[in-house]
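First the structure, then my questions, so here it is.
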Amino acid sequence: MSDGPGPAPAADGAPAAHPVLSLALVSMMQEVHAHFGGLYLLRSDEPVLEMAVHAGMPRTFAAPWERVGLSAPLPVADAVRARRLVWVGGEEEMARCYPRIAVVLPYPFALAALPVATDRKVYGAVFVTWPGTHPPELSDWERDHLWAACDRLALRMERAAQEDRPLVRGADVLTEPAGAVADTLGSVEAARMVSRLPYGLVSLDLHGRIGFVNTAAAELLGRPAGELLGTLMWASVPWLNDPMYEDRYRGALLSQQMMSFVALRPPGEWLSFRMYPSTTGLSVRISRAKAVAQMASEAPREEATPPRLVTISQVLSLAGALTEAVGVQDVVQLVWDEVAPAVGSQAMVILGSQGGRLHVLGHRGYRDPHTVERFHGLPLTERTPGTHALNSGVPAFFGSQEERERLYPGRQETSDGFAAWAYLPLIASGRPVGTCVLAYAEPHVFPADERAVLTSLGGLIAQALERARLYDAKHRLAHGLQQALLPHTLVPPPGIEAAARYLPATHGMEIGGDFYDLVPTLPLTAAVIGDVQGHNVTAAGLMGQIRTGVRAYTTVGQAPHEVMSSTNRLLIDLGTELFASCLYLRLDPARGRAVMARAGHPPPLLRRPDGQVRVLDLAGGPLLGIDPDAVYPTTEVSLAPGAVLVLYTDGLVETPGRDIEDALVGLGRLLSETGAEPLETLADEVIRHSAAARTRMDDVAVLLLRARDDA
């Protein structure tokens, strides 16, 4: 449901100022003392929740979730789908259950989401949040107030819909920021007093704009007060233009807890910033960070090392990198290349489960591989940090060997010289799929915000790992199917030498419909090569049926044109929408000839004993699977001793941006120069020198046949 075209006009023609939804949301937040919230409406034309109004904080805080699909793993969507209250009691629970939110907002806060619905219809959803000081459980009175407010709003929306009276969205609501300091303190003398303080004071509104700055703050920031007022501090002061500093502002507002950071004012002065939040904005105290400056001056000059993961932009970058992983080993390598350096880890191992036991999926950084091998095959019932994280879904952080020893005595043999560990459960689709273990060379303190970020990354790694394991399983199935359907060996008749190569496309499942075969039938032998449309399991399965059909029709003694016609009707009878090209030939080495039939397939090449190469101009019919009455004429070709027939699929010669005639000329030149080589060597050379085969946008199959003197 949407709010309709807008508010009903008042008597004077202006819109009636009756912001129903805004007032309902603000009233609900006030009843339960929440400080941030939003109300979504369910569209009538698609399963999407759209944010209608927002209150308490800048709308940009929830900008990534302006539109939420009902299938999305987000609290408001879950609340609507299950018709229940969704409660997230803190940052660690948010990181476990909703890593998408925790990655963008890795701060301590609690959240509740509820559907706005009657027994007959869902109208939308609401979320509200509390600072990180809220108890981990929602109280009964808060739960009752939230449900009652949502029920009242749903009934109001139902009546409005029945009366065809659109509700008014109203505007987003931010608590008005405090006035000037002089107004707040009640006298000009108070403002003068603040101005005389030896440290800087800055007042920021909820959007981060500067509303007041005293003389000391202006001097410390290096900008006149008049140029700072009304601007964003991290935008108007160049050396504060770092995502980490804005991140602290967002964290202070959402958690309603004091946040601090130190920043280097060029060329070498360290300043300390302390942010004191309220629901109206923030007060910032700025002073010289003497202790930090002293440590900086006493520290040895070394090359700068990359900082640990602290900013949203870094987390989002890591999330983007994980989406590029295809297989399990890609995930392992990306975690090592991207995640471990960002969080300061010196080693990592990713564990999965198989048959009730731990299974090492990959590891990096361990000096002794046997350390990791001890994990492999460990029963999930054995009490270790890795098995506990996988079984319970709860992360574990050990800042020192002593901390881990207290909970898991006797496990020190797996330390391998490391001194701190983070055990991150990998949970995807609501179930554990593994554990990521990050090891640190030195004792390491894991503050709450870092634990939240690491737990969130565990959720992202889990999703990438689940996709990768599914891909690997499909790939193994596809590879096994491909190998089963292609001939393992070629048994040519006397007088014929044969060699074949198959390469799957480098994109997709690495499986396709290209095939070849050699069918011995005395006194003649048949050879076939073909290409079924597509690069998937369906194409491979159909390829196997076609190959089996060709063998059957050949065995019963059908002539080449009859084999092609019968295979064409078979493909049509199978009811598939895929087509296939095919080249079939009957070899008669004793008489030095071959009879060929072609169905939309690229023409073969013939290298004569004198080294000349020509493209065979064969009569042919349409692709298999199009016309049940198609006719496939035959062509007889002379095959002198020493001559080489080159049968191939279009993946060998077709590549984007290159003319196929140029590719055939290049292939002919190669055959002319190297055609006298042993046939296996020639097959390798054909594959190696084909540009199309190297990029492999399509499958490549090659079948080489050479006539010998011993026919």
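Testing Ala663 on (1) at pLDDT 90 or above; (2) farther than 24 Å from Leu518 by Cβ, one condition comes back false. Which one is that?
Only one criterion is unmet by Ala663, namely (1).
Just to be sure, is Leu153 touching a residue at least 40 places away in the same chain (Cβ under 8 Å), surrounded by 13 or more Cβ atoms within 10 Å (Cβ to Cβ) and in contact with a strand residue (DSSP E or B) (Cβ under 8 Å, 6 or more places away or on another chain)?
Here the answer is yes, as Leu153 does meet what is asked.
Kindly provide the set of residues from the range 633-681 that are under 42 Å from the mean Cα position of the chain (by Cα) and hydrophobic (A, V, I, L, M, F, W, C), ordered by number.
Within the range 633-681, Leu647, Leu652, Val653, Ile660, Ala663, Leu664, Leu667 meet the criteria.
Before we move on, is Leu518 open to solvent by less than 30 Å² (accessible area, probe 1.4 Å), closer than 27 Å to Arg706 by Cα and modelled with pLDDT of 85 or more?
So Leu518 fits the description; yes.
Is it the case that Glu405 is open to solvent by 20 Å² or more (accessible area, probe 1.4 Å) and either part of a helix (DSSP H, G or I) or more than 25 Å from His370 (Cβ to Cβ) (or both)?
In short, yes.
If you don't mind, another one. Here are the criteria: (1) buried (at least 16 other Cβ atoms within 10 Å of the Cβ); (2) under 14 Å from Tyr584 (Cβ atoms); (3) modelled with pLDDT of 90 or more. Tell me which single one Ala552 does not satisfy.
(1)
Using the structure shown, decide if Asp247 is open to solvent by less than 30 Å² (accessible area, probe 1.4 Å) and in contact with a helix residue (DSSP H, G or I) (Cβ under 8 Å, 6 or more places away or on another chain).
yes
Considering only residues of the range 442-476 that are surrounded by 14 or more Cβ atoms within 10 Å (Cβ to Cβ) and at pLDDT below 75, which is farthest from Glu92 (Cα to Cα)?
Checked the range 442-476; the qualifying residue farthest from Glu92 (Cα to Cα) is His475.
Just name the residue that is most open to solvent (accessible area, probe 1.4 Å) out of those in the range 528-546 that are of a type outside the set (A, V, I, L, M) and at pLDDT 85 or above.
Out of the qualifying residues, it is Gln545.
Let me ask another. Report every pair of residues separated by at least 6 positions or lying on different chains whose Cβ atoms are under 6 Å apart, first residue within the range 255-269 and in contact (Cβ under 8 Å) with a residue 60 or more places away in the chain and within 12 Å of Leu240 (Cβ to Cβ), second open to solvent by 60 Å² or more (accessible area, probe 1.4 Å) and in a strand (DSSP E or B).
Pairs found: none.
Quick one: which of Val528, Val550, Val519 is under 21 Å from Asp629 (Cβ atoms), hydrophobic (A, V, I, L, M, F, W, C) and within 48 Å of the chain's Cα centre (by Cα)?
It is Val550.
Looking only at the range 498-515, which residues are modelled with pLDDT under 60 and either surrounded by 19 or more Cβ atoms within 10 Å (Cβ to Cβ) or not in a loop (DSSP other than H, G, I, E, B) (or both)?
Listed by number, the list holds a single entry, Met509.
So, in the range 528-556, exactly how many residues are in a helix (DSSP H, G or I) and β-branched (Val, Ile, Thr)?
Counting residues in the range 528-556 that are in a helix (DSSP H, G or I) and β-branched (Val, Ile, Thr) gives 7.
Residues that are touching a strand residue (DSSP E or B) at 6+ places or on another chain (Cβ under 7 Å) and under 19 Å from Pro277 (Cα atoms): does the range 115-129 have at least one?
Yes: the range 115-129 contains one or more residues that are touching a strand residue (DSSP E or B) at 6+ places or on another chain (Cβ under 7 Å) and under 19 Å from Pro277 (Cα atoms).
Among the residues of the range 207-230, what is the count of those that are of a type in the set (Val, Ile, Thr) and open to solvent by 40 Å² or more (accessible area, probe 1.4 Å)?
Residues that pass the stated criteria total 1.
Report, by residue number, each residue of the range 356-383 that is in a strand (DSSP E or B), among the aliphatic types (A, V, I, L, M) and within 21 Å of Ser345 (Cα to Cα).
The answer is Val360, Leu361.
State whether the residues of the range 665-681 include one that is touching a residue at least 12 places away in the same chain (Cβ under 8 Å) and touching a helix residue (DSSP H, G or I) at 6+ places or on another chain (Cβ under 6 Å).
no
Taking the condition of being open to solvent by 50 Å² or more (accessible area, probe 1.4 Å) and either without any contact (Cβ under 8 Å) to a residue 12 or more places away in the chain or not in a loop (DSSP other than H, G, I, E, B) (or both), how many residues in the range 633-658 meet it?
Residues flagged as open to solvent by 50 Å² or more (accessible area, probe 1.4 Å) and either without any contact (Cβ under 8 Å) to a residue 12 or more places away in the chain or not in a loop (DSSP other than H, G, I, E, B) (or both) within the range 633-658 amount to 4.
Yes or no, residue by residue, for (1) in a helix (DSSP H, G or I); (2) among the hydrophobic types (A, V, I, L, M, F, W, C):
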{"residue": "Arg120", "(1), (2)": "no, no"}
{"residue": "Val126", "(1), (2)": "no, yes"}
{"residue": "His134", "(1), (2)": "no, no"}
{"residue": "Glu137", "(1), (2)": "no, no"}
{"residue": "Leu146", "(1), (2)": "yes, yes"}
{"residue": "Asp151", "(1), (2)": "yes, no"}
{"residue": "Arg156", "(1), (2)": "yes, no"}
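Oh, and also: Of the conditions (1) touching a residue at least 24 places away in the same chain (Cβ under 8 Å); (2) of a type in the set (A, V, I, L, M, F, W, C); (3) within 21 Å of Ala500 (Cα to Cα); (4) surrounded by 15 or more Cβ atoms within 10 Å (Cβ to Cβ), Ala630 clears all except one; give me its number.
Just one mismatch for Ala630, condition (3).
The values are calculated or read from the model by the stated rules, or taken from the named source; none is laboratory data. Computed from a predicted model, the values in this text were never measured in an experiment. Heads up, the Cβs are rebuilt from the backbone with ideal geometry, glycines too, and the neighbour counts pull from every protein chain shown. With ligands, DNA and RNA removed, areas are computed over all heavy atoms of the protein, side chains included. Shrake-Rupley method; radii C 1.70, N 1.55, O 1.52, S 1.80 Å.
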